[in-house]
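Notes follow the structure.
Quick note: the coordinates plus some simple rules give every number you see, no bench work behind them. Not measured: the values here are computed from a predicted model. A quick note on method: Cβ atoms are made from the backbone with ideal geometry, for glycine too, and the neighbour counts reach across all protein chains shown.
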Amino acid sequence: MMAKPKAAFYWAASCGGCEISLLAIHEKIVQVAEAVDIVFWPVAIDVKYKHVEEMEDDSIDICLYNGAVRTEENEHLAKLLRRKSKILVAHGSCAHTGGIPGLANFANKEEIFNRVYHENPSLDNPEKIVPQTETEVPEGKLKLPRFFNTVKTLAQTVDVDYFMPGCPPAPEQTWNVLSAVLEGKLPPKGSVIGSDELTVCDQCKHTPQQKAIKEIKRPHEVILDPDICILEQGVICMGPATMAGCGAQCIEADMPCRGCYGPPAGVIDQGAKMCSALASIIDSQDPEEIEKLIDSIVDPAGLMYRFGLPGSTLRRALK
């Protein structure tokens, strides 16, 4: 009897939504369980790192690695699973472009620790204690993984075969990549699983009116017209700078796109692309008026690089 393909799933620096998205394929998860032998999935089965270390190299047929690389542990598992896996997939925004954890690259390790362990208003830490990588206790030596100064994408750490964007990826994409492996119908190495030739705007139900804007509004400050382009209503929508593939689910609920699928094909920097799109619809030639409008954007860097700072040309603040 032919052995089942072996599959692995790992959760690094992320919220865990990509793990849940695996269950969003609903009853098809039973087909996956029947078709593959899941050999590593810490969130679901009792398996230790040492068990993976003992496996032969390339013995895992496919590994879906979700989460950015934030710590020494994340890096170790990325390298270990790369060595043990024939196919490694960056599963979700955090592994693909850095995701929400990547926003930490606007600060450095010292600033983050200071905020979390010293300045946090809900914290009682009079001795100013911060985590250490090694601590001696009566029972022995306790160790924590090193916290990196810079959040990295999976591809900045190891060679990646395929990319599956999204926060989290759409269930049909997860199923498509799993079934492609099972059926042996894989796209060229390096492919982004999704409609990378299109943007979210191409799937949007809101109709452009070719209108320019004179002010920027936040989503809670306006009741959006469901028939008009959100960006043309003065609310920043990342659709022009975001790869399609999600089915424009946020926009279907009349919420602006936040850019979780990353830049479309041919775009090097998602934030810069969005700046260009925004500049093209500002209704003013007056530098002072334009500057005032731009200044009204709350946290422009965090907004336009929300899911992709580590994977952008900026990568991090110079600190």
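Brief remarks on what is shown
- Here the Kirkwood formula puts the hydrodynamic radius of segment 134-237 at 18.8 Å, using every distinct Cα pair.
- Residues I45 and L142, FRET efficiency given R0 of 25 Å [Cβ-Cβ distance, rounded to 0.05]: 0.45
- Spin-label pair K128/K214, simplified geometry with 7 Å Cα→Cβ offset, distance in nm: 5.3 nm
- Across the alpha-carbon set of segment 213-262, the Rg to Rh ratio works out to 0.95, Rh being the Kirkwood radius.
- Taking 20 Å as the limit for the C-alpha separation, the pairs K28/K185; K4/K185; K84/K143; K28/K84 exceed it in the case of K84/K143; K28/K84.
- With a cut-off of 15 Å between beta carbons, the residues surrounding K28 carry a summed charge of -4, where Lys and Arg count +1 and Asp and Glu -1.
- Rg/Rh for segment 199-319 stands at 0.95; both radii use Cα atoms, and Rh follows the Kirkwood definition.
- Look at the dipole of segment 1-194 built from charges on Cβ: of L81, A180, H26, the Cα furthest out on the positive end belongs to A180.
- Most mobile of D299, D161, D269 in a GNM of the chain (Cα contacts under 10 Å): D299
- Taking the Cα centre of segment 1-194 as reference, the dipole from Cβ charges on Lys and Arg (+1) and Asp and Glu (-1) amounts to some 400 debye.
- Percent of Cα-Cα distances greater than 16 Å, calculated over segment 185-248: 54 percent
- The orientation-averaged projected area of the convex hull spanned by the Cα atoms of segment 1-194 comes to 13.4 nm².
- Cα→Cβ-extended label distance, 7 Å offset, between C275 and E53, nm: 4.5 nm
- For the chain, the cysteines with no partner cysteine C-beta closer than 4.7 Å are C15, C18, C63, C94, C201, C204, C229, C237, C246, C250, C257, C275.
- Cα-Cα over 31 Å, subset of K217/K273; K50/K128; K6/K152: K50/K128
- Percent antiparallel among DSSP beta bridges (both partners in the chain, rounded to 5): 30 percent
- Projected over every direction and averaged, the convex hull enclosing the alpha-carbon atoms of segment 11-85 yields 5.0 nm².
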